[in-house]
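Structure, as structure tokens:
The values are calculated or read from the model by the stated rules, or taken from the named source; none is laboratory data. What you are looking at is a predicted structure, and each value in this text was computed from that prediction instead of being measured. Every residue, glycine as well, gets a Cβ built from its backbone with ideal geometry; the counts of neighbours run over all protein chains shown.
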Amino acid sequence: MIKIEHVSKSYKDKLVLRDVSVTVEDNEFIVIIGSSGCGKTTLLKLINKLLPMDRGNIIINGHSIRDVQGTELRRKIGYVLQDGGLFPHLTVKENLELVLKIGNMPTEKRVDRVFELLDMVNMDPKVYCNSYPCQLSGGQRQRVGVARAFALDPDLILMDEPFSALDPLTREELQDEIVKLQKEYKKTVIFVTHDMDEAIKCADKICVIEEGRVAQFDQPEEILKHPADDYVEKFVGRNRLWGNPSYIHASDIMSTKPVQLSKDRTALQALQTMRKNGINSVLVTAAGPRKILEGVVWLEDLQKLDDRKMALRLSEVLSVDYRFVFEDTTLQEIIDRIDYDRSGIIPVLNRRGELKGFLTKSMLLSALSKRYRHEEEEL
Amino acid sequence: MNGLLEVFMQRRGELLELFIQHMEMTSIAVLLSICIGIPAGILITRWKTAANVVIGVANLMQSIPSIGLLAFLVPVVGIGQRPAIIMVIIYALLPIIKNTYIGITGIESSTMEAAKAVGLSGFQTLLKVQIPIAMPYIMAGIRISAVTAVGTVTIAAFAGAGGLGWFINLGLNANDADLVLLGAIPACALALLIDFILGKVETALTPEGLKPADKICYRTEKERKKRICWSVTAFILIFFLPCLYTLSAFLKPDEKKVVVGSENFTEALILGNIYSILIQDNTDLDVEEKFNLNGTMITMSAMEGGDIDMFTDYTGVLAPNVLKLGLSTDTDQVYEQVRDGMEEQYNMKVSEPIGFSNTYVFAVSQEVSDKYGITKLSQLLEYAGELRLGCTTVFTQREDLLPKLTDEYGVSFAEVNGLEGNIRYQAIQSGKVDVIDAYETDALLKESGLVVVEDDIGFFPPYQALSVVRDEVLDEYPELEDVLSEMDGAITTEEMMEMNYQVDVEGKTPAETAREFLEEKGLID
């Protein structure tokens, strides 16, 4: 566990961080985000004492970093720089070996570890061992940079905008891999970026920094849905939520006033209700206070009945050929699952089967289009 | 070309020795520069305010003319290799400091941050990251320094340090281009050779990863170690091996020896050789020769510092320049003043006059002599207003020479051109000037067929040649006194002129000429 307690830092007269307090649990992927110059990189560099802090304290697993020598501390914390930060005069192998050497790993174990590390970041050791950094692509250099951070198997890895110089495809690929590695090897990662998409994609928790203070520190979903203040909202972007369908649930966009009838009502009553409301379906629930969904009656089905059958109970004419979703089903899943041509109405249930609301095609469309509408407005 | 070949064949033994001496001085200076320059360059990267000061001072020192620096150093550190090496270090230091500084500060900040972030200590960073990455720059600095040093060392000959500058100096004195080339060509070749070898070392020490991607050639650790081994060997061959030469001299037991010094013009060199041979052949003392010192001031500081034990000079030089005596043209009076003054002020014994005098004379071309009917100084002064004078700067400056002519005799020449050494003879022969100042024993005076103007008014100060020995040396080796007195009155002006002629015109070495003279006179067997 890493506790950052009331940390302040200034450069000359400029206060860069003011009274920052953040607690990071083990094995969490934390993303620190903010506009350039907000102090996010400074905060990162305070943790491994690349920069000295003015006030406050940082406690890693119960030990204040003030009591540890900087060089010793940094050997126990992985660090990934933008563009890898590899030593240009050393081969890939030598770059990794250098770190292993200062970590006091015995010579005979080093070569095996180098191969292991390169395999871990999906680089063929036989091919790349003896390459020099200038012979690698940006993505490959960054892979070696990640491998170097993992070399001495530290519990904590700091990453300073590691992927920002890469092309979008490579960036996505590496983001996926770093999240995978973090989970697989159970590392605590603190990752600095200015890219909100990257933050949402990777983070267990996001720490939004504004002018040296923590504006919000929470899970990505919370930050998207409930920005703590205008700054966060603006930084996150109003459209951001709609661009991330996995954070939008059915309950966020459903209508909570479904037109519903008890199953002991008649077909005629259902027809009248539909005409009155100008709709083509009615949801049928069980009698009683819990309103368990039983089925749907469709206008076109009722219109096929002759007048004599108008007195039939709804329980006899209802259709079970419909799709429903739960309140916490994500927009992503709804889009994936629902066949638009068939379902005019999508009932929304809670986990006990009670009817809570409904969705229609047009609601889904409007939810998805919100993102673009905002973009236009912003333009 | 034939002349050069001949000179080379004649002096090849001497050439080899001077070449080694040259390499040795270059090596010591460059090695010391490396030892000072690289740590200094590294240090100032960590202390930025010092960087401006150090680089500023190094720049400033670079701009001091080398001969001036040498003249400044001699009174402080004496003559010989010491001032020479210090001078070369001063010039060689800047490129090394500057390149080390630039090489290290030029390293990308992300690389430095990475070094810190992975947990390298300051010293590890220096050793594993900064120095390897800055290596190409540092080596380039060493290359520049070494090449410059080879050139600067030639100047060192003026302070009696030897080296290839000796030939250049001799050649300039004797107006002998071949002799100049004999010094200059090997110096040039040495510079190119050092540059070539250090270039190879530089390539070997440049980490592959820093080369352009298409030039990278992966080498196994074993291969790299081998290359570095070769580089270090080459480095040692260039820089350390020549130093062994000096070291061996240090290890020799201290023998009974006398150091004979001499200034850097032909006559002084011949006299230096005469004394050297005379002492070697007539006593069991060893003689070390420290010839080619640039002027009386340097020889006198060398005498005072004990770097040399004896030298030859002239009453007309010692009286005004060393003893600051007033002007007098009375030969005996000046001699006595010099003899007493040197003893009292410097504890040096001045010998009886060697016999010849080497005072100033005016010389005119045959045509001018005929045209104006000039053979005597009084006649020359009458026509001075129509004549163009070419003379040394000393002649224009010394109060008892040109200023005295102007002030006391009211004489002014049509033109006064400051000309040095043998250029005066070229100028008068090509008709650019009408009158030159000359030394009475100049070989070229005999060669060039000029008319020597007789001093019928006793204008010029006396210039009796004599030897000067430190009293301490005479106390230690009393046998010297008898040997040195053999030279009292031993050389006439004509004989001296003849010897100068043999060296300057006929191309004999001063040593040969000296030995022949001594044999002829029966002073040695």
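Please tell me if residue B:89 is away from every other protein chain (no Cβ under 14 Å), closer than 24 Å to residue A:83 by Cβ and either part of a helix (DSSP H, G or I) or touching a residue at least 24 places away in the same chain (Cβ under 8 Å) (or both). Can you show your working first?
Values: away from every other protein chain (no Cβ under 14 Å): yes; closer than 24 Å to residue A:83 by Cβ: no; either part of a helix (DSSP H, G or I) or touching a residue at least 24 places away in the same chain (Cβ under 8 Å) (or both): yes.
Judged against the criteria, residue B:89 is not a match.
Starting from region B:113-138, keep only residues that are more than 7 Å from chain A (Cβ to nearest Cβ) and closer than 12 Å to residue B:38 by Cα, then list their pairs with residues that are small (Gly, Ala, Ser) and crowded, with 19+ Cβ neighbours inside 10 Å whose Cβ atoms are within a distance under 6 Å, requiring at least 6 positions of separation or different chains. Pairs that qualify, where the first residue is more than 7 Å from chain A (Cβ to nearest Cβ) and closer than 12 Å to residue B:38 by Cα and the partner is small (Gly, Ala, Ser) and crowded, with 19+ Cβ neighbours inside 10 Å, are B:134/B:103; B:137/B:103; B:138/B:103. Only residues that are without any contact (Cβ under 8 Å) to a residue 60 or more places away in the chain, within 14 Å of chain A (Cβ to nearest Cβ) and surrounded by 13 or more Cβ atoms within 10 Å (Cβ to Cβ): list them for region B:205-244, please. Of everything in region B:205-244, those that are without any contact (Cβ under 8 Å) to a residue 60 or more places away in the chain, within 14 Å of chain A (Cβ to nearest Cβ) and surrounded by 13 or more Cβ atoms within 10 Å (Cβ to Cβ) turn out to be B:208, B:209, B:211, B:216, B:218, B:219, B:224, B:228. Take the conditions within 30 Å of residue A:148 (Cα to Cα), crowded, with 24+ Cβ neighbours inside 10 Å and in contact (Cβ under 8 Å) with a residue 12 or more places away in the chain and apply them to residue B:142. Does it pass? Against the criterion (within 30 Å of residue A:148 (Cα to Cα), crowded, with 24+ Cβ neighbours inside 10 Å and in contact (Cβ under 8 Å) with a residue 12 or more places away in the chain), residue B:142 does not qualify. Out of the residues in region A:90-121 that are in a helix (DSSP H, G or I) and of a type in the set (S, T, N, Q), state the one that is surrounded by the most Cβ atoms within 10 Å (Cβ to Cβ). If we take residues in region A:90-121 being in a helix (DSSP H, G or I) and of a type in the set (S, T, N, Q), then A:95 is surrounded by the most Cβ atoms within 10 Å (Cβ to Cβ).
Of all the residues in region B:316-342, those that are more than 18 Å from residue B:304 (Cβ to Cβ) and outside any helix (DSSP H, G or I) number 6. Filtered by the rule that a residue be surrounded by fewer than 17 Cβ atoms within 10 Å (Cβ to Cβ) and under 27 Å from the mean Cα position of the chain (by Cα), region A:349-359 gives A:350, A:351.
For region B:45-63, the criterion of a residue being closer than 30 Å to residue A:141 by Cα, surrounded by fewer than 19 Cβ atoms within 10 Å (Cβ to Cβ) and within 14 Å of another protein chain (Cβ to nearest Cβ) is satisfied by no position.
Quick test for you: out of A:14, A:49, A:3, pick the one residue that is exposed (fewer than 15 other Cβ atoms within 10 Å of the Cβ) and either within 26 Å of residue A:195 (Cα to Cα) or touching a residue at least 12 places away in the same chain (Cβ under 8 Å) (or both). Break it down stepwise before answering.
Values: A:49 fails: exposed (fewer than 15 other Cβ atoms within 10 Å of the Cβ); A:3 fails: exposed (fewer than 15 other Cβ atoms within 10 Å of the Cβ).
Of A:14, A:49, A:3, the one residue that is exposed (fewer than 15 other Cβ atoms within 10 Å of the Cβ) and either within 26 Å of residue A:195 (Cα to Cα) or touching a residue at least 12 places away in the same chain (Cβ under 8 Å) (or both) is A:14.
Given the condition within 25 Å of residue A:206 (Cα to Cα), of a type in the set (D, E, K, R), at pLDDT 85 or above and assigned by TED's automatic domain parsing to the domain that holds residue A:38, answer yes or no: does some residue in region A:223-234 qualify? For region A:223-234, residues within 25 Å of residue A:206 (Cα to Cα), of a type in the set (D, E, K, R), at pLDDT 85 or above and assigned by TED's automatic domain parsing to the domain that holds residue A:38: present.
If you go through region A:32-58 and keep only what is in contact with a helix residue (DSSP H, G or I) (Cβ under 7 Å, 6 or more places away or on another chain) and either β-branched (Val, Ile, Thr) or within 11 Å of chain B (Cβ to nearest Cβ) (or both), you end up with A:32, A:33, A:48, A:49, A:50, A:51, A:58.
Looking only at region A:158-179, which residues are touching a residue at least 40 places away in the same chain (Cβ under 8 Å) and either of a type in the set (Gly, Ala, Ser) or touching a Leu at 6+ places or on another chain (Cβ under 9 Å) (or both)? Full working, then the answer.
Our first condition is that a residue be touching a residue at least 40 places away in the same chain (Cβ under 8 Å); within region A:158-179, this holds for A:158-162, A:164-165, A:177, A:179.
Selection gives A:158, A:159, A:160, A:161, A:162, A:164, A:165.
Which of the following residues is more than 22 Å from the chain's Cα centre (by Cα), more than 14 Å from chain B (Cβ to nearest Cβ) and either modelled with pLDDT under 90 or surrounded by fewer than 20 Cβ atoms within 10 Å (Cβ to Cβ) (or both): A:83, A:67?
None of the other options fit; the residue is A:67.
So, residue A:88, is that one within 14 Å of another protein chain (Cβ to nearest Cβ) and within 21 Å of residue B:124 (Cα to Cα) or not? Working first, answer last.
On the way: within 14 Å of another protein chain (Cβ to nearest Cβ): yes; within 21 Å of residue B:124 (Cα to Cα): yes.
The answer is yes for residue A:88.
For region A:126-146, a residue qualifies if it is more than 16 Å from residue A:166 (Cβ to Cβ) and either in a loop (DSSP other than H, G, I, E, B) or more than 11 Å from every other protein chain (Cβ to nearest Cβ) (or both), and the qualifying residues are A:126, A:127, A:128, A:129, A:130, A:131, A:132. Residues of region B:261-312 that are part of a strand (DSSP E or B) and farther than 20 Å from residue B:471 by Cα: B:263, B:291, B:292, B:293. Would you mind stating whether residue A:205 is over 18 Å from residue A:244 (Cβ atoms) and in the same structural domain as residue A:46 (by TED's automatic domain parsing)? So residue A:205 does not fit the description; no.
If only residues of region A:276-306 that are hydrophobic (A, V, I, L, M, F, W, C) and part of a helix (DSSP H, G or I) are counted, the one that is farthest from residue A:344 (Cα to Cα) is A:302. For residue B:459, the conditions (1) hydrophobic (A, V, I, L, M, F, W, C); (2) surrounded by fewer than 17 Cβ atoms within 10 Å (Cβ to Cβ); (3) out of contact with any strand residue (DSSP E or B) (no Cβ under 6 Å at 6 or more places or on another chain) are fulfilled apart from (2). The single condition among (1) over 29 Å from the mean Cα position of the chain (by Cα); (2) away from chain A (no Cβ under 14 Å); (3) not aliphatic (A, V, I, L, M) that residue B:108 does not meet is (2). Among residues that are under 13 Å from residue A:157 (Cα atoms), buried (at least 19 other Cβ atoms within 10 Å of the Cβ) and of a type in the set (S, T, N, Q), residue A:27 is not included.
Give me the helices (runs of 4 or more DSSP H) completely within region B:474-525, filtered to those with at least 3 residues that are within 19 Å of residue B:282 (Cβ to Cβ), ordered by residue number.
Numbers: elements: B:479-485, B:493-504, B:510-520.
Here the list reads B:479-485, B:510-520.
Does residue B:33 fit the bill of being crowded, with 22+ Cβ neighbours inside 10 Å and either within 30 Å of residue B:163 (Cα to Cα) or touching a helix residue (DSSP H, G or I) at 6+ places or on another chain (Cβ under 8 Å) (or both)? Steps first, answer last, please.
Values: crowded, with 22+ Cβ neighbours inside 10 Å: yes; either within 30 Å of residue B:163 (Cα to Cα) or touching a helix residue (DSSP H, G or I) at 6+ places or on another chain (Cβ under 8 Å) (or both): yes.
Yes, satisfied.
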